[in-house]
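Report on the following structure.
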Amino acid sequence: MIRRWLLAAFGVLLLVVGAMATSIHEASATAAYESGYSFERTWNAAVRFIRVDRGYKLIEKDDATGYLLFEYTSAEGGSKASLGSIEIVRANDNARVMVQLKEMPGYHEQALLNAFSAKLRAEYGDPRPRRERDKPPPPDAGTDAGEGS
């Protein structure tokens, strides 16, 4: 009786651990970067970075929405390619870049994003400083500031 109960409990435990392992493998994070460059510059650099610099095969690209789908390969994965995506979103005068490599650990996404941001700086220089929004203009001294009353 106890033996059956232990076998059943062990079976349930294996199911729970298996479900957790499956959900962990399928879950993926996205690395993001706030680009100080325009959408157009960021998009053009991303296409060149993926296709020319890294030599990855572009599967799909949509410049209107800022989406790239490519085959990612790494030394760890051997010759097996996995799908990767880059999404570039307009954010005021700048762009937000998001990299997702669904089948790879998160540090691959961050490493790819770091290399891409270095490419942007190398090609376009340091990004322009962010505008000082919400900063009130200096007070006006007026034309009669020097006159006495």
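Every read-out reported here was derived from the displayed coordinates using simple, explicitly stated rules and does not represent laboratory data. Treat the numbers as computed from the prediction; the structure is a model and nothing was measured.
Quick notes on this structure:
- Amide proton proximity set for residue 37, modelled H, under 5 Å, gap of 5+: 95
- Relative contact order, percent, the range 28-124 [alpha-carbon distance under 8 Å, six or more residues apart]: 34 percent
- Cα Rg, Dmax, the range 32-108, angstrom units: 12.6, 40
- For the range 110-120, 3J(HN,Hα) per residue [Karplus equation, 6.51 cos²θ - 1.76 cosθ + 1.60, θ = phi - 60°, Hz, x = Gly/Pro]: 5, 5, 5, 5, 4, 5, 5, 5, 5, 5, 4
- Karplus 3J(HN,Hα) series, Hz, for the range 47-58 with 6.51 cos²θ - 1.76 cosθ + 1.60 (x for Gly, Pro): 5, 5, 4, 5, 7, 8, 5, 8, x, 7, 7, 7
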